[in-house]
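Worksheet for the structure shown next.
The values are calculated or read from the model by the stated rules, or taken from the named source; none is laboratory data. Note that the coordinates shown come from a computational prediction; the quantities given were computed from them, not determined experimentally. Glycine gets a Cβ as well: all are built from the backbone with ideal geometry, and neighbour counts include every protein chain shown.
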Amino acid sequence: MTRHDTLDLKKTMMAVETTGNGGYDKLVYREVPTPVPSHGEVLIRVLAAGVNNTEINTRLGWYSSSVTTDTSATAQEQNVTPEQKGDGGWSAATPFPLIQGTDCCGQVVQAADDAGAALIGKRVLVRACMRPNGFDDMENVWMASDFNGAFAQYVKVPASEVFAVDCDWSDAELATIPCAYGTSENMLQRANVTASDLVLVAGASGGVGSATVQLAKRRGARVAAITRADKADVLRKLGADIILDRGADLVGELGEMAVDVVVDNVAGDGFPNMLKVLKRGGRFVSSGAIAGPIVSLDMRDMYLKDLTLIGSTAWDAPVFPNLISYIERGEIRPLLAKVFPLDQIAEAQQEFLKKSHIGNFVLVPATPETALV
C-alpha cells in the first residue's frame with residue numbers, strides 16, 4: 001500500500017470525546033490518538049466544525065423511542081444523567097466514547113493510497129451522510145454518529161466522501177454548510193420543488209430552516225417562513241416572500257389548500273395544520289421533529305387530499321455535488337452566527353440551545369503541532 005504524506009504528525013491530538021448519554025459533563029476535551037487512514041481513506045486536518053442539533057440530541061439520547069418530549073425539554077433534563085440508551089443513536093446504540101462533529105471543513109494532509117492522493121493539500125468539505133451500499137440502497141452511515149467526527153484536530157474519512165471546494169469563503173463559513181444545507185437540499189430534491197411552488201418552511205431561522213429558505217429561492221420557488229418577529233428581517237433578506245409568526249393561525253393567514261410543499265423539521269402540536277394548508281397532491285417533507293416526535297395525524301387530510309408524506313435522512317447522490325457547485329457559483333451564502341474554540345464546546349451548545357441566533361455556530365480546533373513519528 002502506498003502512503004502519501006504532506007507532513008509528519010504527532011501520535012496524539014486534542015479532541016472532544018462524548019463519553020455517554022447525559023449532560024455537559026459527558027463532553028471531555030482531552031488528548032487522544034491521531035487517527036491513521038486505512039485503504040481508501042484520507043486524513044483531514046480540521047479547520048472548522050459546525051454545531052448542529054444532532055450532536056446534542058445524540059448526547060442526550062433523544063433518538064431513543066423512549067423519548068417523547070421535544071428537544072428543548074430533553075435538554076433541560078440533561079443534568080440528570082440517564083443510563084445509556086440502547087437505541088439512543090440514529091439507528092442503534094451510539095458507539096461511546098465518540099468524537100462528534102458532523103460538519104467538517106478541513107485540509108487533506110494524508111492519503112493511505114492513490115484513491116485520495118489528488119486531494120492532498122486541498123481545502124475540502126466532507127459529505128457526512130454516506131451510502132456504503134450505493135445510492136440504490138437506503139442504508140446510510142453518518143460521520144459523528146456512527147464513527148468519529150470533526151470535533152478534533154484531525155479526522156479520517158473515505159476519500160470518496162471528500163469534496164474539494166474553490167471559493168473565497170472563510171473556513172468557518174464553509175463549516176456551516178454540510179449538515180444543514182445537505183439535509184435541506186435533500187428534502188427539496190425529494191419533494192421535487194420547482195419554480196411554480198409555494199414552499200412553507202417551519203423553524204425558518206434555524207440552521208436547516210434558513211438553508212431551506214435560500215435553497216428553495218435558488219430553485220425559483222416562493223417561500224413562506226415561520227419564525228419569531230425579531231428574526232423576520234433577516235429571513236426577508238434571505239428571500240422569504242411571506243413571514244408568519246410562530247403562533248400564527250396558518251389556515252387563517254394562508255388559507256386551506258394554499259401551499260404546494262411543506263418543509264417541517266418542527267412537528268409537535270403544529271403538525272396537523274401543516275397538512276391543512278397543503279393543496280391537493282401536496283408534498284410534506286421532514287428530517288426532524290424538534291418540537292416533539294409524537295404528532296396527531298388525521299388520516300382524512302392525507303388520503304382525501306392525495307398528499308405525499310416524505311421522510312428524509314439518507315442523502316441522494318446529486319445533493320452534495322450540487323451544494324459544492326452552488327458555493328463555487330456564488331448562488332448561496334453562509335449564515336455564520338458565532339465562532340468558538342473547540343475546548344469551549346459546552347458554552348457553544350448552551351448558547352445554541354437558546355435559539356436566539358440565526359444560522360450556525362462553528363468550533364475551531366487549536367492549530368496542531370507537527371512532529372516526527
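Restricting attention to the range 225-242, does a residue exist that is among the β-branched types (Val, Ile, Thr), within 19 Å of the chain's Cα centre (by Cα) and closer than 29 Å to LEU304 by Cβ? No: zero hits. Against the conditions (1) touching a Phe, Trp or Tyr at 6+ places or on another chain (Cβ under 7 Å); (2) touching a residue at least 60 places away in the same chain (Cβ under 8 Å), LEU353 satisfies every one except (1). Give me the residue from the range 271-306 that is closer than 18 Å to VAL223 by Cα, of a type in the set (A, V, I, L, M, F, W, C) and under 21 Å from the mean Cα position of the chain (by Cα) and, out of that set, surrounded by the most Cβ atoms within 10 Å (Cβ to Cβ). Once the filter is applied, the top-ranked residue is VAL285.
Out of GLY255, GLY268, one residue alone is at positive phi and within 22 Å of the chain's Cα centre (by Cα). It is GLY268. Of the set (1) surrounded by fewer than 16 Cβ atoms within 10 Å (Cβ to Cβ); (2) more than 21 Å from the chain's Cα centre (by Cα); (3) at pLDDT 95 or above, all apply to GLU347 but (2).
In the range 150-179, the qualifying residues are those that are charged (D, E, K, R) and not in a helix (DSSP H, G or I), and the one that is farthest from GLY106 (Cα to Cα) is ASP168. Looking only at the range 215-237, decide whether some residue is farther than 23 Å from ILE358 by Cα, of a type in the set (A, V, I, L, M, F, W, C) and not assigned by TED's automatic domain parsing to the domain that holds PHE352. Among the residues of the range 215-237, not one is farther than 23 Å from ILE358 by Cα, of a type in the set (A, V, I, L, M, F, W, C) and not assigned by TED's automatic domain parsing to the domain that holds PHE352, which makes the answer no.
Starting from residues that are in a helix (DSSP H, G or I) and out of contact with any helix residue (DSSP H, G or I) (no Cβ under 8 Å at 6 or more places or on another chain), keep the ones in the range 106-149 and report whichever is surrounded by the most Cβ atoms within 10 Å (Cβ to Cβ). Only one residue fits best here, namely ALA117.
Inside the range 55-70, residues that are assigned to a helix (DSSP H, G or I) and either touching a helix residue (DSSP H, G or I) at 6+ places or on another chain (Cβ under 7 Å) or without any contact (Cβ under 8 Å) to a residue 40 or more places away in the chain (or both) make up a count of 4. Candidates are the residues of the range 205-255 that are part of a loop (DSSP other than H, G, I, E, B), hydrophobic (A, V, I, L, M, F, W, C) and touching a residue at least 24 places away in the same chain (Cβ under 8 Å); the one that is surrounded by the fewest Cβ atoms within 10 Å (Cβ to Cβ) is ALA221.
Residues that are in the same structural domain as ILE226 (by TED's automatic domain parsing) and among the polar types (S, T, N, Q): does the range 317-335 have at least one? No, every residue in the range 317-335 fails to be in the same structural domain as ILE226 (by TED's automatic domain parsing) and among the polar types (S, T, N, Q). Can you tell me which residue is farthest from LEU188 (Cα to Cα) among those in the range 353-373 that are surrounded by 18 or more Cβ atoms within 10 Å (Cβ to Cβ) and at pLDDT 95 or above? Looking at residues that are surrounded by 18 or more Cβ atoms within 10 Å (Cβ to Cβ) and at pLDDT 95 or above, I get PRO365.
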